[in-house]
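Remarks on the structure that follows.
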């Protein structure tokens, strides 16, 4: 029996769910550091190299959330809520190499898109520049929508997002 591929709307819903969870984790991380920063934002201007350690910690939290979830059961909490699972060849949970490839590809696409939107919102980039920054992410999602053969992250990591069957009650 072959596993059903997850549709794009379900994948986006799970991504939105996971995005909210990651934001919550990053808020808790930042709140825990507030007493050490005197309640100030942790910026390079104020804290020098320590700001880079803060950003590295943020990246580790995001990578840890996704990486550990995918390695352990192939699911993040958002994926579990929407009955999705990340699978490698043979239906197994992906290995660390596949997870690293997936995270690097996704981080590049999403950070580029987010950067374009933020630059546009700050009036530092025009609409055309913001749309150009969104183009790689849109192409990745469009690839899944049109061909059903996976996003760029799926291809880079040689994984696929599959729909879990409903559990009988």
With Cα atoms, 0 to 90° folded angle of helix 127-147 axis to the chain main axis: 20 degrees
Order the peptides 123-133, 151-161 from the highest to the lowest mean number of other Cβ atoms within 10 Å of their residues. 151-161, 123-133
Rounded to the nearest 0.05, FRET efficiency between residue 50 and residue 25 (Cβ-Cβ, R0 22 Å) equals 0.65
Neighbour counts of other C-beta atoms within 10 Å: give me 66, 36 arranged from fewest to most. 36, 66
Cα axis of helix 96-121 to longest principal axis of the chain: angle in degrees, 0 to 90, nearest 10? 50 degrees
Per GNM of the chain with C-alpha springs under 10 angstrom, the most fluctuating residue out of 50, 135, 104 is 50
Among (1) 16.9; (2) 16.0; (3) 17.6, which is the computed Kirkwood radius over Cα pairs in Å? (3)
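Every number here is computed from the coordinates shown, using simple stated rules; none is lab data. Small disclaimer: the values here were computed from a predicted structure and weren't measured. As a convention, Cβ positions derive from the backbone with ideal geometry for all residues, glycine included, and neighbour counts pool all protein chains shown.
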